[in-house]
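Student: Before we start, here is the structure in question, set down as structure tokens.
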Amino acid sequence: MAVITLCSASGSPGVTTTAVGLAMCWPRPVLVVEADPSGSNGLLAGIFRGAREYDGGLLELASSPLAVSDALRDVVRPIETTGVSFVVGTQTHSQAAALSGLWAPLAEALADLERSGQDVIVDAGRLGLVGSPEPLLSWADLTLLVTRTTLPALAGARTWAEDLRSPSSSTWRESGLLLVGDGPYTKREVGRALTLPVVATVAEDAVAAAVYHRGAPPPRRFESGPYARSLHAATQAITSTVTRLREQRTADLTGDATL
């Protein structure tokens with residue numbers, strides 16, 4: 001495994017909530033990077049409920065005199081009693097433009113973390129915003145477009161899916177869909193409409209999702225409920241997809257080398 005990036009096309013399908021939820025179910029140590037250019041404070045104001053103060057993040061990483069790979073450890077913070085750590089993003093949308101020179105070296109540094117046995121989940125927020133972390137989208141091992149399955153959500157996602165198929169676009173290395181909710185359209189219908197593979201589906205459960213969205217107390221039987229089960233299933237689907245894609249790339253390179 002390595003770097004997984006989540007993003008959205010329109011609306012609020014729950015990218016940050018899903019990123020945190022996946023991290024909490026991840027089978028290996030994992031780093032969550034808040035690269036949403038909107039400055040939404042999805043982590044500090046969300047799962048930490050504002051009780052954790054800002055004490056460094058991507059802005060400090062960008063301004064550090066050290067190489068990004070060396071400075072990264074200074075801005076990583078743990079989520080106690082878990083195998084999850086995080087890097088806080090911008091605090092306002094106006095700060096995002098200052099990070100334009102950070103994304104490419106950060107993408108390389110994040111890829112190197114795998115050598116230490118750590119995976120990365122990037123919350124890239126909504127596509128098309130000023131300061132969008134394009135290298136984190138295009139260089140990730142797998143970039144997932146998070147969308148609900150309603151008609152307005154799919155209409156918004158379709159234009160980005162079309163861009164990915166355009167020969168003139170800067171496409172992502174590997175792309176797919178992560179669906180939030182089970183209807184009204186099926187996975188097969190969504191995949192056919194957007195011509196992207198549906199990698200995973202997360203149940204839509206506002207009460208359970210609030211645990212990761214705003215630090216709400218877990219409801220009864222949270223760990224065994226449909227939302228948590230769907231997150232575990234999604235992590236398995238994502239990890240197996242990355243493994244398969246890597247094996248395919250290796251096979252392709254080996255085939256090319258023998259020609």
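Student: Quick one: in the range 172-191, of everything that is part of a strand (DSSP E or B) and open to solvent by 30 Å² or more (accessible area, probe 1.4 Å), which residue is modelled with the lowest pLDDT?
Tutor: Among those that are part of a strand (DSSP E or B) and open to solvent by 30 Å² or more (accessible area, probe 1.4 Å), it is G183.
Student: Taking the criterion of being of a type in the set (D, E, K, R), within 15 Å of T17 (Cβ to Cβ) and surrounded by 14 or more Cβ atoms within 10 Å (Cβ to Cβ), would at least one residue in the range 224-247 satisfy it?
Tutor: Among the residues of the range 224-247, not one is of a type in the set (D, E, K, R), within 15 Å of T17 (Cβ to Cβ) and surrounded by 14 or more Cβ atoms within 10 Å (Cβ to Cβ), which makes the answer no.
Student: For the range 9-48, how many residues are among the basic types (K, R) and closer than 19 Å to F222 by Cα?
Tutor: So the answer is 0.
Student: Just to be sure I understand, how many residues within the range 1-25 are open to solvent by 20 Å² or more (accessible area, probe 1.4 Å), in a loop (DSSP other than H, G, I, E, B) and touching a Gly at 6+ places or on another chain (Cβ under 7 Å)?
Tutor: Number of matching residues: 2.
Student: Also: Would you tally the residues in the range 192-223 being in contact (Cβ under 8 Å) with a residue 60 or more places away in the chain, open to solvent by 40 Å² or more (accessible area, probe 1.4 Å) and not in a loop (DSSP other than H, G, I, E, B)?
Tutor: Residues meeting the conditions: 1.
Student: Let me ask something else. Only residues that are outside any loop (DSSP other than H, G, I, E, B) and in contact with a helix residue (DSSP H, G or I) (Cβ under 8 Å, 6 or more places away or on another chain): list them for the range 69-101, please.
Tutor: S69, A71, L72, D74, V75, V84, F86, V87, V88, Q95, A98, L99
Student: Answer yes or no as to whether D163 is more than 27 Å from Q118 (Cα to Cα), without any contact (Cβ under 8 Å) to a residue 24 or more places away in the chain and open to solvent by 60 Å² or more (accessible area, probe 1.4 Å).
Tutor: For D163, the condition - more than 27 Å from Q118 (Cα to Cα), without any contact (Cβ under 8 Å) to a residue 24 or more places away in the chain and open to solvent by 60 Å² or more (accessible area, probe 1.4 Å) - is met.
Student: A further question on this structure: Could you list, in sequence order, all residues of the range 85-106 that are under 24 Å from L145 (Cβ atoms), open to solvent by 10 Å² or more (accessible area, probe 1.4 Å) and in contact with a strand residue (DSSP E or B) (Cβ under 8 Å, 6 or more places away or on another chain)?
Tutor: none
Student: For the list (1) surrounded by fewer than 20 Cβ atoms within 10 Å (Cβ to Cβ); (2) modelled with pLDDT under 95, I need the number of the one condition that D74 fails.
Tutor: The number of the failed condition is (2).
Student: Filter the range 29-46 for residues that are open to solvent by 30 Å² or more (accessible area, probe 1.4 Å) and under 16 Å from the mean Cα position of the chain (by Cα) and give the result.
Tutor: P29, S38, S40, N41
The values are calculated or read from the model by the stated rules, or taken from the named source; none is laboratory data. Everything numeric in this text was worked out from a predicted model, so none of it was measured. Ideal geometry is used to build each Cβ from the backbone, glycine not excepted, and the neighbour counts take in all protein chains shown. Surface areas here come from the heavy atoms of the whole protein model, side chains and all, with no ligands, DNA or RNA. Shrake-Rupley method; radii C 1.70, N 1.55, O 1.52, S 1.80 Å.
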